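Here's the structure, in structure tokens; my notes come after.
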There are 2 protein chains.
Amino acid sequence: MGRWEPDARGRLARVALELYAERGFEQTTVEDIAERAGVTERTYFRHFADKREVLFDGSAALQSLVVDAIRDAPAGRSAVEVAAEAFASAGALIEERHEFARRRAAVIAANPSLQERELYKLASLTSAATAALVARGIPQPTAALAASLGVTAFSLAFETWVADESSADLSSTIRTTLAALREVATT
Amino acid sequence: MGRWEPDARGRLARVALELYAERGFEQTTVEDIAERAGVTERTYFRHFADKREVLFDGSAALQSLVVDAIRDAPAGRSAVEVAAEAFASAGALIEERHEFARRRAAVIAANPSLQERELYKLASLTSAATAALVARGIPQPTAALAASLGVTAFSLAFETWVADESSADLSSTIRTTLAALREVATT
DNA sequence: GTCTATAGGGCGATAGAC
DNA sequence: GTCTATCGCCCTATAGAC
């Protein structure tokens with residue numbers, strides 16, 4: 001056995017969610033997290049830029065998934081269709097860790113500064129999706145609009161899915177939400 | 001003359017924008033702002049919850065304007081049409097202080113934590129608009145979708161308007177952006 | 001790993017308006 | 001007297017610097 005337990009980063013992320021859920025975000029110090037994970041506070045900040053970022057470790061992977069799905073979508077589809085499928089596949093990724101996703105969502109919902117970070121990540125996702133659509137040859141303004149529609153559907157669908165345990169799976173909720181969005185837009 | 005100059009809050013807001021523009025948000029301390037405004041740091045925090053909030057003093061007024069416009073819209077219009085007009089009138093309010101709005105936007109664009117707060121305010125605006133649409137008798141899910149479309153158009157239009165000095169006025173940019181959004185959605 | 005500046009909250013004192 | 005704005009000094013945790 002080595003001098004340190006492996007996967008300090010993963011332990012920090014798990015422990016942070018635990019503590020934020022137990023006592024609340026503000027009532028937890030970074031030192032509390034580091035201690036329970038068996039590392040120093042300094043080590044926490046080597047892995048995560050700030051106290052909030054530990055809850056957003058998965059967002060880069062989610063973004064890659066969306067970008068790749070847009071790149072690999074069959075040719076000849078409209079911008080919204082491509083975006084819709086890309087975000088539906090992102091929904092599938094979340095579905096795989098649905099228990100984690102729901103716990104994490106509850107923690108975020110309880111704290112405004114975490115909501116701010118979440119919204120920032122969604123905005124980054126919109127930018128990345130826009131760029132990926134542009135790379136497919138879709139003109140900039142159209143790409144930005146389609147990406148915005150996709151992220152809006154994604155985020156409204158996620159809210160629905162989190163609120164209702166027994167609802168449909170996230171991917172299909174995203175698809176139906178986007179369909180509803182298109183319906184409302186045309187009215 | 002009283003012991004204090006009047007309108008400490010307004011002075012703090014003006015001075016903060018000045019300093020954030022001059023030296024950058026991170027290079028400015030709350031003490032710097034308080035000092036230049038002729039109050040103490042403690043007084044700053046009585047008026048504004050944190051270092052960022054001073055740039056968002058107008059958002060409550062903007063939100064009221066949108067909510068009132070939704071309430072007062074003529075009957076018989078669709079949810080998106082009502083939302084569109086409400087956000088266009090919000091655009092007119094910003095247009096009145098366009099120089100301030102552009103300076104403020106530049107400061108926010110230069111700092112991620114300010115962007116986070118901006119996104120949070122936009123999300124609050126979405127919630128408020130949704131509630132106002134529901135109060136008109138529009139069913140919840142439709143209201144949420146229409147409000148999201150409105151805020152998306154508002155925010156994309158604002159980006160365009162800020163980027164291009166010589167562009168059309170903000171209200172009409174919002175209208176054309178929403179029209180483009182509806183067009184893209186139906187494709 | 002150690003050190004330090006700053007954000008930001010708590011509490012009580014003070015000074016004015018009414 | 002009350003109500004409200006300002007101030008001073010205490011404190012801790014975050015987060016960056018060295």
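Laboratory data are not the source of any read-out in this text; all were calculated from the coordinates shown. Keep in mind that this is a model prediction, so the values were computed, not measured. In this analysis, Cβ positions are derived from the backbone assuming ideal geometry, glycine residues included, and neighbour counts consider all displayed protein chains.
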Sort A:87-96, A:23-32, B:86-95 by packing, meaning the average of other beta carbons within 10 Å per residue, with the highest value first. B:86-95, A:87-96, A:23-32
I'd like the mean, over residues of B:150-159, of how many other protein chain beta carbons sit within 10 Å of each residue's own Cβ. 2
If you put a point 7 Å past Cα along the Cβ direction, how far is that point for A:Glu165 from the same point in each other copy, in nm, smallest first? 6.0
Among the lysines, which have Cα under 20 Å from the Cα of B:Lys51 when same-chain residues fewer than 8 positions away are ignored? A:Lys51, B:Lys121
Tell me which trypsin sites (Lys or Arg not before Pro) from the range B:66-140 have a DSSP coil assignment and no more than 16 other beta carbons within 10 Å of their own. B:Arg77, B:Arg97, B:Arg136
Mind telling me which of B:Ala37, B:Ala83, B:Ala146 comes out most flexible in a GNM of chain B, alpha-carbon contacts under 10 Å? B:Ala37
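Got a sec? How would B:Val54, A:Val151 order by Cβ neighbour count within 10 Å, fewest to most?
Ordered from fewest to most neighbouring Cβ atoms within 10 Å, B:Val54, A:Val151 come out as B:Val54, A:Val151.
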Relative to the longest principal axis of chain B, what angle (0 to 90°, nearest 10) does the C-alpha long axis of helix B:170-186 take? 50
Whole-Hz Karplus couplings 3J(HN,Hα) for the range B:36-51, θ = phi - 60° and coefficients 6.51, -1.76, 1.60, Gly and Pro as x, run 5, 7, x, 10, 8, 4, 4, 5, 3, 6, 6, 8, 10, 5, 8, 5
Relative contact order for the range B:1-81, counting Cα pairs under 8 Å that sit 6 or more residues apart, in percent: 26
Percent RCO, i.e. relative contact order, over chain B, from Cα pairs under 8 Å lying at least 6 residues apart: 21
Please report the spacing between the Cα centers of the range B:47-92 and the range A:1-39 in Å, no decimals. 41
Between 0 and 90 degrees, rounded to the nearest ten: what's the tilt of helix B:98-109 against the longest Cα principal axis of chain B? 80
Quick one: check the C-alpha center-to-center distance for the range B:130-170 versus the range A:120-169, whole angstrom. 16
Under the helix-only model (-39500 (n - 2.57) for each DSSP H run of 4 or more, divided by the residues of chain A), the mean residue ellipticity at 222 nm, to 500 deg cm²/dmol, is -24500 deg cm²/dmol
Among A:Ser155, B:Ser171, B:Leu149, pick out the residue whose Cα is farthest towards the positive end of the charge dipole of the protein assembly as shown, where Lys and Arg carry +1 and Asp and Glu carry -1 on C-beta, about the Cα centre. A:Ser155
Round to the nearest 10 and give me the degree value, 0 to 90, for the angle of helix B:59-72's Cα axis relative to the longest principal axis of chain B. 30
When each copy gets a label point 7 Å from Cα toward the beta-carbon at B:Thr29, what are the spacings between them in nm, shortest first? 2.2
Counting only other chains, and only Cβ atoms inside 10 Å, what mean value do you get across the residues of B:106-119? 3
